[in-house]
Amino acid sequence: MRGLLRAAGAVAVLLLAGCAEVPDPSGANDPYESFNRQVFDFNHKLDKAVIKPVAEAYVDVVPAPARDGVHNVLVNLNLPITFANDLLQGDLERGSETFWRFAINSSLGLGGLFDVATTNFHIPFHTEDFGQTLAVWGVQEGPYLVLPVVGPDPPRDIGGQIGDTVMDPWTYWPHIRDKFWWSVGRGVLSGIDLRARNLDTLDQIERQSIDLYASIRSLYRQNRNNEIRNGKPDVSDLPNL
Amino acid sequence: MLKMKRVARQFAAAAAICGVAAWISNPATASPAAEAFVQTNVQRGLAILNNPSLSKQQRQEQFRNFLVTLTDLRRIALYTLGPARRAASPAQQDAFVEAFRNYAFAVYGAEFSKYGGQGLRVTGSVERAPGDELVRTQLVDPHARPGQEPIGVDFRVYGSAGHYSVVDIVVAGLDLAITEQDDFSAFLAQHNNDVNALIANLRQRAERVRSTGQI
């Protein structure tokens, strides 16, 4: 219970950080830009030195069906979080899709290994997280922040990650929650899986940008807003060319 | 803002359930002419990319000329310049448009050379204002793994039947014009708003792609 209260307090502080009036010289809601750029440079070097080579080795060594299996299991483990957020956003239709996806893939899909829900039942796939839920509830993103290793993570999304951890049933599963290999293993594997699936995309972005930091900031926000709108275009928000 | 939209959407869904006329639940009118424009030109573009008798050079040349007729490059270029556009002289603006054109063709042209048989299927359109349409398509990828969600590619189209041009493209929710403007604005902020520095940088990059074949 105390843990829950602490988590709620942390979320509240972060959300209030999003409301504070901070000077913003660039007009891009990035008042901590010089700090962010330094962290970004560090992350970029870390990626080149360690993370990207590990992801490339993973792709070279592990055959595609096995990598797909790993990805499917990781996605399946996160579905309860998606389900909780579907309901918190009042979206019963997508909540129902998530429920059946989890039930089918966990059972027929052998613990999530096979994505039977898509291939045999054609259930549309989506993910939700508490950061998106906070946005749907009207919370602003807050000033842009880049965290070491994690990357872009503005206050609303930090609050979202805390909320998701609180809502994640595996956090409370008695047999595994204290197991080091579970939390670290799941986290590291998720990171490698994500990096491996974005090798070409991030290379392309780097090739095409003049200012990689600014491009990533722009793309991160556009991608988040797209996720929050569930992929639907907001024509009123399009630029005036 | 988002909350009001949610309420509006839920109201619209309820109205449809009650059997109210379809036009209330779908206020944005589709534009068959804009959709036909995109569909026809997608086919023209694919014909060039898939033409086995063209050399790599010819293919790039033809595709480039095709894109010039299809898009309003000047409008896109000046948008990406952002607030700096107002301070730039007409000569600077012209130089920038030219540099942007060469940069875009070099950088994006190199990406197109990796083309591997994908297509685009028009799925509908949404009107933002008269003469301002968003035509929605889906990427049809023969190499996509089973179960992969199809990528949405939206074309922002200005004009009217017979006089359309593409002014922006949105891939998986990522708007090209916005991304380029954010990139260039950051460069200008780091270089004292010097438009000539940006022009020089774009020229350098275009030249590097041309001479090395790598971006």
May I ask you to verify whether B:VAL166 is under 27 Å from B:LEU49 (Cα atoms) and within 11 Å of chain A (Cβ to nearest Cβ)?
yes
Candidate set: segment B:144-189, residues that are assigned to a loop (DSSP other than H, G, I, E, B) and closer than 20 Å to A:TYR220 by Cβ; chosen: the one least open to solvent (accessible area, probe 1.4 Å):
B:GLY173
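Here's the yes/no breakdown for (1) within 14 Å of chain B (Cβ to nearest Cβ); (2) within 29 Å of B:ALA206 (Cα to Cα); (3) part of a loop (DSSP other than H, G, I, E, B):
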| residue | (1), (2), (3) |
| --- | --- |
| A:VAL166 | no, no, no |
| A:ASP178 | no, no, yes |
| A:LEU189 | no, no, no |
| A:ILE205 | yes, yes, no |
| A:TYR213 | yes, yes, no |
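Filter segment B:202-215 for residues that are crowded, with 18+ Cβ neighbours inside 10 Å and within 11 Å of chain A (Cβ to nearest Cβ); which is modelled with the lowest pLDDT?
If we take residues in segment B:202-215 being crowded, with 18+ Cβ neighbours inside 10 Å and within 11 Å of chain A (Cβ to nearest Cβ), then B:ILE215 is modelled with the lowest pLDDT.
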Checked segment B:169-198 for anything of a type in the set (S, T, N, Q), touching a residue at least 40 places away in the same chain (Cβ under 8 Å) and within 9 Å of chain A (Cβ to nearest Cβ); matches are B:GLN181, B:SER185
Consider segment B:82-99. How many of its residues are crowded, with 16+ Cβ neighbours inside 10 Å and either at pLDDT 95 or above or away from chain A (no Cβ under 14 Å) (or both)?
8
Scan segment A:143-181 residue by residue and report those that are in contact (Cβ under 8 Å) with a residue 12 or more places away in the chain and either more than 30 Å from A:TYR213 (Cα to Cα) or touching a Pro at 6+ places or on another chain (Cβ under 9 Å) (or both).
A:PRO143, A:TYR144, A:LEU145, A:VAL146, A:PRO154, A:PRO155, A:VAL166, A:MET167, A:ASP168, A:PRO169, A:TRP170
Return the residues of segment B:110-140 that are away from every other protein chain (no Cβ under 12 Å), small (Gly, Ala, Ser) and surrounded by 15 or more Cβ atoms within 10 Å (Cβ to Cβ); say none if nothing qualifies.
B:GLY119
If A:VAL50 satisfies all but one of (1) open to solvent by 60 Å² or more (accessible area, probe 1.4 Å); (2) under 17 Å from A:ARG186 (Cβ atoms), what's the number of the condition it fails?
(2)
Only one of A:GLY142, A:GLY160, A:GLY131 that is surrounded by 19 or more Cβ atoms within 10 Å (Cβ to Cβ), at pLDDT 95 or above and part of a loop (DSSP other than H, G, I, E, B):
A:GLY142
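The values are calculated or read from the model by the stated rules, or taken from the named source; none is laboratory data. Please read these numbers as outputs of a predicted model, since none were measured by experiment. Glycine gets a Cβ as well: all are built from the backbone with ideal geometry, and neighbour counts include every protein chain shown. Please note that ligands, DNA and RNA were not included when accessible areas were found on the heavy atoms of the full protein model with its side chains. Shrake-Rupley method; radii C 1.70, N 1.55, O 1.52, S 1.80 Å.
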